[in-house]
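Below: the structure, in structure tokens.
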Amino acid sequence: VTLRGLDLDDIVERALGGQRRAVGQLLSVAERGGAQADRLTATLHGRSAGAHIVGITGPPGSGKSTLVGRLAAAAAASGANPAVLAVDPSSPLTGGAILGDRIRIDRTGGDVFVRSIATRGHAGGLAVAVPGAIRVLDATGFDPIIVETVGVGQVEVDIAAMADTTVVVANPGTGDAVQANKAGLLEIADIFVVNKADLPDAEALRLDLERMLDLSHMTGHEAYRGRRAPIVLTESLSGTGIDELWAEIIDHRTLLDASDARRLRQLLRLRAEVEALVAGRIHQLTHAAFDSPAGERILADLASGRIDPVAAAEIVLDEGTAFRDA
Ligand SMILES: Nc1nc2c(ncn2[C@@H]2O[C@H](COP(=O)(O)OP(=O)(O)OP(=O)(O)O)[C@@H](O)[C@H]2O)c(=O)[nH]1
Ligand SMILES: [Mg+2]
């Protein structure tokens, strides 16, 4: 199997040897999906170094990219080897925003490895492409892996499911606390960041968040009921509060490591990835079935009333592989 004329195994070897260009090529494979991505998964599964995965989510424009650039720089300064994955979960419309992200991050992140991935067009979507990309970065020695996603509905909850530590970003004077509450973000946040704390009412937002957390008893991932998510005030433009945020992330990591929670989260992640792979395959199988002569017969039988839709679904599930391979 080749990647633009290059051998995948060769690229894997060079990526494992630390060549960043090769890492980038593997990320492209994971992003595209398909047979090559499947082979990459088979090659890299079992080579996980157990990198800490930090998810950063929040509303558009809340300063996530600026924050992530600072955070990655702080991680690197402490001796870690961070990578940043900026996930574009949505439509071609936002495609341009990501390039902007990359430029901003590069400016503050120095030598940090930064990569944007778009998941439109990927058969398994975000739920397959992002774990694939994380697997590449983990196996090739990056730790922590910081995943930035624009907060658009369900996606941020999905990203939280992929992270060991989820950081939810909010801004003063925006009603973000109420929004976060409505979107179910209070439940998924392990750490809150009030970014743009240089703006008025940052302290008021902190109090709002504290009150909501106290009232709702929603304190981070389920395994941590009883721990109230810390709230860190940051000014990403100047870098104020970033060291404190990095310290809170390390604290949370230590907390996870001290219990079974880290392993449990890993199992949940793998399960979610397999579920997404199965869903993707069933999708493909169904299409293949109806594009085949047998599928046309099923449709004709449905139309004439010889079989009902439930029976047709059973036939596709039972014999779909044969249809596909025919
Ligand atoms: N005043 C102030 N502005 C900030 C701060 N952090 C970021 N900004 C500004 O907020 C704007 C958005 O910053 P980004 O880092 O692109 O925000 P984002 O959340 O990544 O945006 P999207 O990826 O488009 O959702 C930029 O103009 C930043 O300069 C801060 O701490 N204070
Ligand atoms: Mg951004």
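Every read-out reported here was derived from the displayed coordinates using simple, explicitly stated rules and does not represent laboratory data. For clarity, every value in this text was computed on a predicted model and none was experimentally measured. Note: ideal-geometry Cβ built from the backbone for every residue, glycine included; neighbour counts use all protein chains shown.
The local environment of GLU275, defined by Cβ-Cβ distances under 15 Å, has a net charge of +1 under the rule Lys, Arg +1 and Asp, Glu -1.
The slack between GLU13 and ILE250, meaning 0.36 nm per residue of separation minus the straight C-alpha distance, is 82.3 nm.
Over segment 1-84, consider all pairs of different Cα atoms and compute the Kirkwood hydrodynamic radius from their mean reciprocal separation; express it in Å, one decimal.
Working: mean 1/r = 0.0672 Å⁻¹.
Answer for segment 1-84: a Kirkwood hydrodynamic radius of 14.9 Å.
Across segment 238-326, Cα-Cα pairs farther apart than 20 Å form 60% of the total.
Start at zero, step by 10 Å, and the Cα-Cα distances of segment 167-326 spread as 10, 25, 19, 12, 14, 15, 4, 0 percent across the bins. Other residues within the sphere of radius under 14 Å centred on the Cβ of ALA247, judged by their own Cβ, net out at -3 (K and R +1, D and E -1). Note on ALA279/ASP301: beta-carbon distance plugged into 1/(1 + (r/R0)^6) with R0 of 22 Å gives a FRET efficiency of 0.25. Between LYS182 and ASP111, the contour length at 0.36 nm per residue exceeds the alpha carbon distance by 21.8 nm. Please work out the Cα center distance from segment 69-83 to segment 271-326, rounded to the nearest Å. If you average the Cα positions of each part, the centres end up 48 Å apart. The length gained by stretching the chain between SER216 and GLN266 to full extension, at 0.36 nm per residue less their Cα-Cα distance, is 15.3 nm.
Treating r as the C-beta distance of ALA322 and ASP201 and R0 as 56 Å, the FRET efficiency rounds to 0.35. Three semi-axes describe the equivalent ellipsoid of segment 280-326; taken as square roots of 5 times the Cα gyration tensor eigenvalues and ordered largest first, they are 18, 11, 8 Å.
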